[in-house]
Amino acid sequence: MLTRRQLLRVSAAGSVVVTRAPHLLAAQYDLIIKGGRVLDPSQRVDRVADVAIGAGKIAAIQSNIPPYTAAEIIDASEKLVTPGLIDIHAHIADKELTPAHCLSTGVTSLVDAGSRGAENVDELLKSAQNAPNRVRILLNISERGLADGATELLDIEKANVPAARRAVERSRDWIVGIKARLSRSAAGEHDLEAVRHARQVADPLKIPIMVHVGDTASPLPEILALLRRGDIVTHMYAPAPHGMLDDNGRVLPQVLEARHRGILFDFGNGRTAHWTWDVAERAMQQGFLPDTISSDITGAGLTDQVLNLPNVMSKFLLLGMPVDQVIARVTSNAAHAIPEYKSYGTLRIGAAADVAVFELKESNFEFADNYGHKRTGRRKLFPYAVVMGGKKVA
């Protein structure tokens, strides 16, 4: 009889792999992620358990699944086990930032939010189609998106509605919404007109719009009035002028009403004038939390402020959000925000086996907002292992 010592060996990466003798053992599962704190907000699961995977799907979540029933074991003791992360606002058109890098940090699904427009989206489509993780695109309403700099709507004639509509229709499986950047630097006085152009593309195709706000020419309530259920406001914690807080630091009633109408509010960390600790803290103290937490990561963000989505998530731990609520905003909530991702962001039995494992380390960690203001947090999430479609990829 084979002993347990003979059956198990520890890989160089630290995971435990089951070695099966021919004809003596038949593995029930391809992989077991063993002994971690499983956090799946889609099912309100928060407990220490094993996650078993077979044929690329979640097969079981239960305690003490025998290790010999799997071909491979990931030891997740004292780790967090979550659905694969969904980043609804990233910029992979930047050559320094690859989908593979995002995958290594736990992001199994992401959205490029407006890097390219109808005139030059083809290269971005190829990148999405060849990515090792799941990538979809929000088409910039401006013809060339950010390719010629971040001033794409100063000439509103670049918001070519027929061209954008044709681009979406050609690639509907990959282009899942429209992006309009409305800050003065991007759109000047044309912010409301840009939203109306985006509506003309999105409405017939029944896809959402994401609007980038912060330092807009028009007050935020005027922009919100043009949005509909399922549309997304990103950079929600942008400071004045025309942010979400009134002069007394209270959340505007029009912002509360917009959420009631089904408009979603996304964090969107980014690097430039998108958020401050003060605005985030004031809004959160009034119960106005983000629906989704996204990175708005670019190549420059790999080493400045953003770093990766888990780092951005850790800022909300510093702000007092419980870890399960943070996870919800990058899994189940994010899946709700992007209809094409509605089947992901979950560890339900039968769901695609996209899983992220994190170490939640305790020490002193420095985090920054977009204005160079730094705070020290006690906890930070670090990627430990990533499973995509049932296969360990990081």
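The values are calculated or read from the model by the stated rules, or taken from the named source; none is laboratory data. Quick caveat: nothing in here was measured; it's all calculated off a predicted structure. Reconstructed Cβ throughout: ideal geometry from the backbone, glycine too, with neighbour counts over all protein chains shown.
Taking the range 299-322, which residues are farther than 17 Å from Leu103 by Cβ and either in a helix (DSSP H, G or I) or not acidic (Asp, Glu) (or both)?
The answer is Ala300, Thr303, Gln305, Ser314, Lys315, Phe316, Leu317, Leu318, Leu319, Gly320, Met321, Pro322.
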### Summary
Residue hits (the range 370-391; out of contact with any Asp or Glu (no Cβ under 7 Å at 6 or more places or on another chain) and more than 24 Å from Asp112 (Cβ to Cβ)) are Tyr371, Gly372, His373, Arg375, Gly377, Lys380, Ala385
### Message
Can you tell me how many residues within the range 187-236 are within 24 Å of the chain's Cα centre (by Cα) and of a type in the set (S, T, N, Q)?
### Response
1
### Query
With respect to the numbered conditions (1) under 22 Å from Asn370 (Cα atoms); (2) touching a helix residue (DSSP H, G or I) at 6+ places or on another chain (Cβ under 9 Å), which one is the sole condition not fulfilled by Arg228?
(1)
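Residue-wise test of (1) within 23 Å of Glu281 (Cα to Cα); (2) crowded, with 24+ Cβ neighbours inside 10 Å; (3) touching a Leu at 6+ places or on another chain (Cβ under 7 Å); (4) modelled with pLDDT under 95.
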{"site": "Ser295", "(1), (2), (3), (4)": "yes, yes, yes, no"}
{"site": "Leu309", "(1), (2), (3), (4)": "yes, yes, yes, no"}
{"site": "Val312", "(1), (2), (3), (4)": "yes, yes, no, no"}
{"site": "Ile327", "(1), (2), (3), (4)": "yes, yes, yes, no"}
{"site": "Ala334", "(1), (2), (3), (4)": "yes, yes, no, no"}
{"site": "Ile338", "(1), (2), (3), (4)": "no, yes, no, no"}
{"site": "Tyr344", "(1), (2), (3), (4)": "no, no, no, no"}
{"site": "Ile349", "(1), (2), (3), (4)": "no, no, no, no"}
{"site": "Arg375", "(1), (2), (3), (4)": "yes, no, yes, no"}
### Summary
Of (1) crowded, with 19+ Cβ neighbours inside 10 Å; (2) within 29 Å of Ile61 (Cβ to Cβ), Ala280 satisfies every one except (2)
